[in-house]
Amino acid sequence: MGHRLSRIYTRTGDDGTTGLGDGSRTGKDSARVSAYGTVDEANSAIGVVLAAPGVTDDIQALLTTVQHQLFDLGGELCIPGHAAITAADVDALERQLDCYNEHLPPLKDFILPAGGEAAARCHLARTIVRRAERETVALSRLEPVRPEAIGYLNRLSDLLFVLARVLARADGAGEVLWDHRRRLAAP
């Protein structure tokens, strides 16, 4: 296991830079740091989903695996040229997505990010993953990023959307549909 932290603060970042996994330093506001920082934020948001009451054992296990993969992805983005996420990881997300989506009715309307505590937390995690995807794409415009990293984030946000639907139904709260006609009825 690489380095162990005996001290949490080092003061090396007081100048606005941070160390990458390859030992180089970059600005804390760089596209690379933004990308892996938002992946870390997404991972934390998934932890908040896991802490919600009503999350089933199968979803707990799936999202715990996802947390490990997001940590791997953060490492990939933190170490230029490093590969951690594979096409098999993306394929596994697709299989899970198909499995959970198979039992849901087709959507005819947009749904609001609600539907009970676990579902709402899952929607929040989904939006953070989408931001991580946007920031990773922005990084890819400046530096090489493997397509598996972007594909993983894309599939994960889709999976979180489907899981939010599953959790809303399991909770009994149900999905909250966007009422696009509400403005027509208002005076």
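Taking first residues from region 102-114 that are touching a residue at least 12 places away in the same chain (Cβ under 8 Å) and partners that are among the small types (Gly, Ala, Ser), the Cβ contacts under 6 Å between residues at least 6 apart in sequence or on separate chains come to Ala114/Ala120.
Taking Asp40 as the residue in question, decide whether it is more than 21 Å from the chain's Cα centre (by Cα) and modelled with pLDDT of 75 or more. Spell out the reasoning first.
Values: more than 21 Å from the chain's Cα centre (by Cα): no; modelled with pLDDT of 75 or more: yes.
Here the answer is no, as Asp40 does not meet what is asked.
Can you name every residue in region 84-107 that is of a type outside the set (Phe, Trp, Tyr) and either surrounded by 16 or more Cβ atoms within 10 Å (Cβ to Cβ) or at positive phi (or both)? Ala84, Ile85, Asp89, Val90, Ala92, Leu93, Gln96, Leu97, Asn101, listed by residue number.
Name the one entry in Val129, Val90 that is in contact (Cβ under 8 Å) with a residue 60 or more places away in the chain, of a type in the set (Val, Ile, Thr), in a helix (DSSP H, G or I) and touching a Phe, Trp or Tyr at 6+ places or on another chain (Cβ under 9 Å).
Values: Val129 fails: touching a Phe, Trp or Tyr at 6+ places or on another chain (Cβ under 9 Å).
Just one listed residue meets the conditions, Val90.
Within region 113-124, at least one residue is open to solvent by 70 Å² or more (accessible area, probe 1.4 Å), closer than 28 Å to Arg146 by Cα and in a helix (DSSP H, G or I).
Among the residues of region 68-83 satisfying the criterion of being assigned to a helix (DSSP H, G or I) and open to solvent by 50 Å² or more (accessible area, probe 1.4 Å), which is farthest from Gly47 (Cα to Cα)? Lay out the reasoning, then the answer.
Within region 68-83, the first condition is being assigned to a helix (DSSP H, G or I), and the residues that meet it are 68-78.
This time we only want the ones that are open to solvent by 50 Å² or more (accessible area, probe 1.4 Å), so: 68, 71-72.
Values: His68: 11, Phe71: 12, Asp72: 16 Å.
Across region 68-83, the extreme among qualifying residues is Asp72.
Contact annotation: residue pairs with Cβ atoms under 6 Å, 6 or more positions apart or on different chains, pairing a residue in region 33-47 that is under 11 Å from Gln67 (Cβ atoms) and small (Gly, Ala, Ser) with a partner that is in a helix (DSSP H, G or I) and open to solvent by less than 20 Å² (accessible area, probe 1.4 Å), are Ala42/Ile128; Ala42/Val129; Ala42/Ala132; Ala45/Ala125; Ala45/Ile128.
The values are calculated or read from the model by the stated rules, or taken from the named source; none is laboratory data. Computed from a predicted model, the values in this text were never measured in an experiment. Neighbour counts are summed over all protein chains in view; Cβ atoms, including those assigned to glycine, are modelled from backbone coordinates with ideal geometry. Accessible surface areas use protein heavy atoms only, side chains included; no ligands, DNA or RNA. Shrake-Rupley method; radii C 1.70, N 1.55, O 1.52, S 1.80 Å.
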